[in-house]
1. Taking amide hydrogens as modeled 1.01 Å from N in the peptide plane, which residues meet the under 5 Å criterion relative to Gln23, leaving out close sequence neighbours?
2. So, with +1 on the Cβ of K and R and -1 on the Cβ of D and E, and no other charges, what is the size of the charge dipole of region 3-66 about its Cα centre, to the nearest 20 debye?
3. According to the square roots a ≥ b ≥ c of the eigenvalues of the Cα gyration tensor, what is the shape class of region 3-66, taking rounded for a/c under 1.5, prolate for a/b larger than b/c otherwise, and oblate for the remainder?
4. Residue farthest toward the positive end of the dipole of region 3-66, with Cβ of Lys/Arg at +1 and Asp/Glu at -1: which of Gln44, Cys21, Ser7?
5. Which of the peptides 11-24, 28-41 is most tightly packed, and how do the rest follow, judged by the mean count of other Cβ atoms within 10 Å per residue?
6. Report the full-extension gain for the segment Ile51 to Cys22: residue separation times 0.36 nm, less the Cα-Cα distance, to one decimal in nm.
7. Which ³J(HN,Hα) values, rounded to whole Hz and listed in residue order, are derived for region 4-13 from phi using the Karplus coefficients 6.51, -1.76 and 1.60 in 6.51 cos²θ - 1.76 cosθ + 1.60 with θ = phi - 60°, glycine and proline given as x?
8. Quick one: if you stick a label point 7 Å off each Cα along the C-beta vector at Asn15 and Glu39, how many nm between them?
Amino acid sequence: MPNYRVSFLNEIPRNEKLYHCCQRSIIIRSAPSAERAVEVAKKQFARLEGIRDWKIHAGLIEIETLDLESKPEKTPSRKETRIAHKAALQMLPVLGGGLRP
């Protein structure tokens, strides 16, 4: 069964432009159809937002099919992350940050 990302959005008009602002995205794994994924996501959205009707916090819903079968990229270990963070901090003076830990 396919997987879906269901996004809840609001439209906000500003200076003659219309902006679409995502309020929350919910991943639905293994839904039998897009319609069923939307219905499940509506219930989850309302529960997570602490409201009874999803329309209180969003005006639009977008849905897309996801390919979650492929292997995700390797997540860096804690040590690799720390080393990368340290290197980035050492670059701050070069980038104009001026502060070093």
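1. Excluding prolines and chain starts, which carry no amide H, the hits are Phe8, Leu9, Asn10.
2. Working: 11 positive and 8 negative charges, 48 e Å.
Dipole magnitude for region 3-66 comes out near 220 debye.
3. oblate
4. Ranked along the dipole, the leading option is Gln44.
5. Numbers: 11-24: 10.0, 28-41: 15.4.
Listed from highest to lowest mean packing, they are 28-41, 11-24.
6. Additional length available on full extension: 8.7 nm.
7. Values, residue by residue: 9, 10, 10, 10, 10, 10, 10, 9, 10, x Hz.
8. About 4.4 nm, to one decimal.
Laboratory data are not the source of any read-out in this text; all were calculated from the coordinates shown. As the structure is a computational prediction, the values presented were derived from the model and not from experiment. Ideal geometry is used to build each Cβ from the backbone, glycine not excepted, and the neighbour counts take in all protein chains shown.
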